[in-house]
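Below is one structure, written out as structure tokens; comments come after it.
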Amino acid sequence: MRLGKLINTATFRLTALTVLLFALAVAVLGAGLYLVTGATLESRLDRRVSAEMTKFEAAYTSGGLPRLLETARVHETVLPAGQLRYGVADAAGKALAGDLPVMPKTPGWSNVISVEKDGDVSRLRVLVVELADGLKVAVAADREEVEETKQSVFNDIVSAFAAVVALGIIGGIGLSLALLKRVEAIRRTAEAIIAGDFAQRIPVRGDDDFDRLSQTLNHMLDRITGLMESLRQVSTDIAHDLKTPLAHLRQRLEAAGQVARSGEDRAAAIEGAIGKVDDILATFDALLRIAQIESGSRRANFGDVDLSEVFTNVVDAFSPTAIDGGRSIEATIAPGVHVTGDRRLLTQMFANLIENAIHHTPAGAHIAARLDRYGDGAVAVVSDNGPGVPAAERELIFRRFYRLEQSRSTPGNGLGLSLVKAIADLHDVTVAIGDAGPGLTVAMTFKEASASGAANVTRPG
């Protein structure tokens, strides 16, 4: 991977910014540590020198110059070489005692650089006190230990700073490469899908943020693939299912033009043609309604719906039709079950299910409609004891224009259950197809529903 491409990634830039800020923080903390350490060591050294000077002043006060000189000789003999150095000089500057190579002329604190006999350079911290008669006493400490300690601290700080920067850069490059690899996988998948391979999906490796994003994108791709497949299927089904009625319409009109000899014949032909056109228009109207529902635009009409009332009204409306056809409907409906949705669409959903059960069961069949509370939701069931649907075809009956072979002779366009599925999906309702043994069971599970406390009501029809 080219370095320029890596540097231009947002991940690398974010990591670089983080490393820069952290390095600045280390530099500030290091500078503070260096200054505090140096000040502490200097202060400790000054206290040692001051304490030693106090002893010389006490000796001079108690015994004058002889005692002072004796104290200097004792200290020079007792103390290890290199710890502290002393000097006593008269008013003329002549050295009287001690090994201090240079006596500062000005009383007080001073830093002195001295070249020793062996050529070494000593950096001394010197305190000079002027006594009576012009005598001067000096106590000095070698600053080498302080400087070495400060240099060691400085080196450690620089090493830590360099390590932070180096590890930050290495970590940034590693993180950028890892993220680029994930992004590249998403890009390759997108390119493959653009090229027409709709089976490609983004690989998921665990449960991190990228994996959750990949899962969401895969779910979106599944949805898009399903919609495109549905679109292709709809196009094919429209061409197949509308070809026959359009051909019949053309034959009818052609026959009317060739055979009809009277106004009554022409009127009958025109009336039949209008009926065929109405069937075609009804098919397109159903398709448009399904498309509108699937777009989600009808969610704007959602509100509180008394599902019990809606289901009861649908059963009452279809009961006469069922009885006229020799069928019976029995409804067991829990009252006061409320859901959030579109009342007209939910009415259409139940109506299509009841109508489908009536049209595809023989005379004498029994149809059961039931609504029960289920946990925090509700379950609506429409079942019959008719011929049912083969297990291999149960998941296909919600496809547009899909009709069982034995139902091809019955009126309809194969869109009723497709409309049911579209309305159910809009309301986040799970639809399950089952075997009523014999017959068919369609169960719709509403995930959230509110209910008032009342006993179930059974309505035979």
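Worth a mention:
- Among (1) within 19 Å of Ala163 (Cα to Cα); (2) of a type outside the set (Lys, Arg); (3) modelled with pLDDT under 90 - the single one Gly32 does not satisfy: (3)
- When the criteria are applied in full, Phe22 fails the requirement of being assigned to a helix (DSSP H, G or I), in contact with a strand residue (DSSP E or B) (Cβ under 9 Å, 6 or more places away or on another chain), aromatic (Phe, Trp, Tyr) and assigned by TED's automatic domain parsing to the domain that holds Val129.
- Tally, over the range 355-381, of residues that are over 19 Å from Asp435 (Cβ atoms) and either of a type in the set (A, V, I, L, M) or assigned to a helix (DSSP H, G or I) (or both): 6
- Residues of the range 326-352 that are under 40 Å from the mean Cα position of the chain (by Cα) and either in contact (Cβ under 8 Å) with a residue 60 or more places away in the chain or not assigned by TED's automatic domain parsing to the domain that holds Val315 (or both): Gly336, Val337, His338, Val339, Thr340, Gly341, Asp342, Leu345, Leu346, Gln348, Met349.
- All positions within the range 159-184 that are more than 30 Å from Arg212 (Cβ to Cβ) and touching a residue at least 12 places away in the same chain (Cβ under 8 Å): Ala160, Phe161, Val164, Val165
- Some residue of the range 10-31 being without any contact (Cβ under 8 Å) to a residue 24 or more places away in the chain and closer than 22 Å to Val126 by Cα: no
- Scanning the range 317-347 for residues that are buried (at least 19 other Cβ atoms within 10 Å of the Cβ) and outside any loop (DSSP other than H, G, I, E, B) gives Phe318, Ser319, Ala322, Ile329, Ala331, Ile333, Val337, Val339, Gly341, Leu345, Leu346.
- Residue within the range 236-247 that is at pLDDT 70 or above and either surrounded by fewer than 10 Cβ atoms within 10 Å (Cβ to Cβ) or part of a helix (DSSP H, G or I) (or both) present: yes
- Restricting Val153, Val121 to residues that are under 29 Å from Gln83 (Cβ atoms) and free of Cβ contacts under 8 Å to residues at least 40 places away in the same chain narrows the list to Val121.
- Taken as a whole, the condition of being acidic (Asp, Glu), at negative phi and modelled with pLDDT of 90 or more does not apply to Asp376.
- Unmet criterion (only one of (1) under 30 Å from Ser62 (Cα atoms); (2) exposed (fewer than 11 other Cβ atoms within 10 Å of the Cβ); (3) not hydroxyl-bearing (Ser, Thr, Tyr)) for Arg125: (2)
- Yes/no for Glu52 being within 60 Å of the chain's Cα centre (by Cα) and either assigned to a helix (DSSP H, G or I) or at pLDDT below 85 (or both): no
The values are calculated or read from the model by the stated rules, or taken from the named source; none is laboratory data. All figures in this text were calculated on a predicted structure; none of them were measured in a lab. As a convention, Cβ positions derive from the backbone with ideal geometry for all residues, glycine included, and neighbour counts pool all protein chains shown.
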